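Visitor: This is the structure, below, for whatever I ask next.
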Amino acid sequence: DAKTTQPPSMDCAEGRAANLPCNHSTISGNEYVYWYRQIHSQGPQYIIHGLKNNETNEMASLIITEDRKSSTLILPHATLRDTAVYYCIVRVNNNDMRFGAGTRLTVKP
Amino acid sequence: GAVVSQHPSWVICKSGTSVKIECRSLDFQATTMFWYRQFPKQSLMLMATSNEGSKATYEQGVEKDKFLINHASLTLSTLTVTSAHPEDSSFYICSATPGAGGGSTDTQYFGPGTRLTVL
């Protein structure tokens, strides 16, 4: 059973912010929200993760709603190299990680 | 930090032969390593979890006698596909979770993947 729901695809103009939504309405209190991305024919790349508070790092920002049932990954200034499949994952336990279908983000010139 | 490598990056083999894929954590010790496979246009599917010094735990539907996993050290896990057949052709990806002192202990870091083609 999928624990997260993401739109299958999104487009974004180069230089603009890319906002990728994720629904995780059945998330448990001790489960983190993780975001990875996979560029074609490569292994997934870790982006960011969070529990309750919003998080920001050099790659992206993660906004988690107060009820924790959804989150948004924000790439502030998308570039062509950000074209990838983005996975939102809710951890089953400290180690287990299950991938859904993800969102295919296409950044267009 | 937290770099995971895989070798080889791609391999082509004949049906019936065995293929070994190595996964190494380069700058941290990995208490746990994971093996995934990914068919074209599909998502990653977890195959097995291996902990250093103990037997791997396989996901339902994954044949443990076909996909042999060895995690002999804190920096190396190997996946051997035995008696490979064309339907085993896939992209195999490993990941590792650092122990103390290497990145976030809750984050999995992924290797670049190994593309296996069985003729």
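Visitor: Sort through A:Leu62, A:Leu105, A:Leu73 and tell me the only one that's in contact (Cβ under 8 Å) with a residue 40 or more places away in the chain and under 26 Å from A:Asn30 (Cα atoms).
Guide: Numbers: A:Leu62 fails: in contact (Cβ under 8 Å) with a residue 40 or more places away in the chain; A:Leu105 fails: under 26 Å from A:Asn30 (Cα atoms).
That would be A:Leu73, the only listed residue that is in contact (Cβ under 8 Å) with a residue 40 or more places away in the chain and under 26 Å from A:Asn30 (Cα atoms).
Visitor: Follow-up question, since we're still on this one. Take the conditions within 22 Å of A:Pro44 (Cα to Cα), surrounded by fewer than 19 Cβ atoms within 10 Å (Cβ to Cβ), over 12 Å from the mean Cα position of the chain (by Cα) and free of Cβ contacts under 8 Å to residues at least 40 places away in the same chain and apply them to B:Lys41. Does it pass?
Guide: Working: within 22 Å of A:Pro44 (Cα to Cα): yes; surrounded by fewer than 19 Cβ atoms within 10 Å (Cβ to Cβ): yes; over 12 Å from the mean Cα position of the chain (by Cα): yes; free of Cβ contacts under 8 Å to residues at least 40 places away in the same chain: yes.
Spelling it out, B:Lys41 is indeed within 22 Å of A:Pro44 (Cα to Cα), surrounded by fewer than 19 Cβ atoms within 10 Å (Cβ to Cβ), over 12 Å from the mean Cα position of the chain (by Cα) and free of Cβ contacts under 8 Å to residues at least 40 places away in the same chain.
Visitor: Next question. Does A:Glu55 fit the bill of being in contact with a strand residue (DSSP E or B) (Cβ under 6 Å, 6 or more places away or on another chain), surrounded by 14 or more Cβ atoms within 10 Å (Cβ to Cβ), free of Cβ contacts under 8 Å to residues at least 12 places away in the same chain and charged (D, E, K, R)? Can you show your working first?
Guide: Details: in contact with a strand residue (DSSP E or B) (Cβ under 6 Å, 6 or more places away or on another chain): yes; surrounded by 14 or more Cβ atoms within 10 Å (Cβ to Cβ): yes; free of Cβ contacts under 8 Å to residues at least 12 places away in the same chain: yes; charged (D, E, K, R): yes.
Yes, satisfied.
Visitor: Please determine, by comparing only the residues of region B:95-119 that are facing chain A (nearest Cβ under 8 Å) and not in a loop (DSSP other than H, G, I, E, B), which one is modelled with the lowest pLDDT.
Guide: B:Thr97
Visitor: Filter region B:1-45 down to the residues that are touching a His at 6+ places or on another chain (Cβ under 9 Å) and farther than 13 Å from B:Cys94 by Cβ, then identify the one that is farthest from the other protein chains (Cβ to nearest Cβ).
Guide: Quick first cut of region B:1-45, residues touching a His at 6+ places or on another chain (Cβ under 9 Å) only: B:15-16, B:21-24, B:30, B:32-33.
Pick out the ones that are also farther than 13 Å from B:Cys94 by Cβ and you get B:15-16.
Values: B:Ser15: 23, B:Gly16: 27 Å.
Among residues in region B:1-45 that are touching a His at 6+ places or on another chain (Cβ under 9 Å) and farther than 13 Å from B:Cys94 by Cβ, the one farthest from the other protein chains (Cβ to nearest Cβ) is B:Gly16.
Visitor: If you don't mind, another one. Take A:Gly43 and decide whether it is within 27 Å of B:Phe34 (Cβ to Cβ), within 14 Å of chain B (Cβ to nearest Cβ) and touching a Pro at 6+ places or on another chain (Cβ under 8 Å). Steps first, please.
Guide: On the way: within 27 Å of B:Phe34 (Cβ to Cβ): yes; within 14 Å of chain B (Cβ to nearest Cβ): yes; touching a Pro at 6+ places or on another chain (Cβ under 8 Å): yes.
So A:Gly43 fits the description; yes.
Visitor: Hey, can you tell me all the residues within region A:80-103 that are closer than 18 Å to A:Asp11 by Cα, facing chain B (nearest Cβ under 10 Å) and not in a loop (DSSP other than H, G, I, E, B)? Can you show your working first?
Guide: Of all residues in region A:80-103, those closer than 18 Å to A:Asp11 by Cα come to A:80-88, A:101-103.
If we keep only those that are facing chain B (nearest Cβ under 10 Å) as well, we get A:85, A:87, A:101-102.
Residues satisfying the conditions are A:Val85, A:Tyr87.
Visitor: Do any residues in region B:17-33 that are closer than 13 Å to B:Ala2 by Cβ have Cβ atoms under 6 Å from those of residues that are surrounded by fewer than 21 Cβ atoms within 10 Å (Cβ to Cβ) and polar (S, T, N, Q), where the two are at least six apart or on different chains, and which pairs are they?
Guide: Final answer for the pair search is B:Arg24/B:Ser5; B:Arg24/B:Thr75; B:Ser25/B:Thr75; B:Leu26/B:Ser5.
Visitor: Hey, another quick one. What about B:Ser90, is it under 13 Å from the mean Cα position of the chain (by Cα), at pLDDT 90 or above and among the hydroxyl-bearing types (Ser, Thr, Tyr)? Reasoning before the result, please.
Guide: Working: under 13 Å from the mean Cα position of the chain (by Cα): yes; at pLDDT 90 or above: yes; among the hydroxyl-bearing types (Ser, Thr, Tyr): yes.
Spelling it out, B:Ser90 is indeed under 13 Å from the mean Cα position of the chain (by Cα), at pLDDT 90 or above and among the hydroxyl-bearing types (Ser, Thr, Tyr).
The values are calculated or read from the model by the stated rules, or taken from the named source; none is laboratory data. Worth saying up front: this structure is predicted, and the values here are computed from it rather than measured. As a convention, Cβ positions derive from the backbone with ideal geometry for all residues, glycine included, and neighbour counts pool all protein chains shown.
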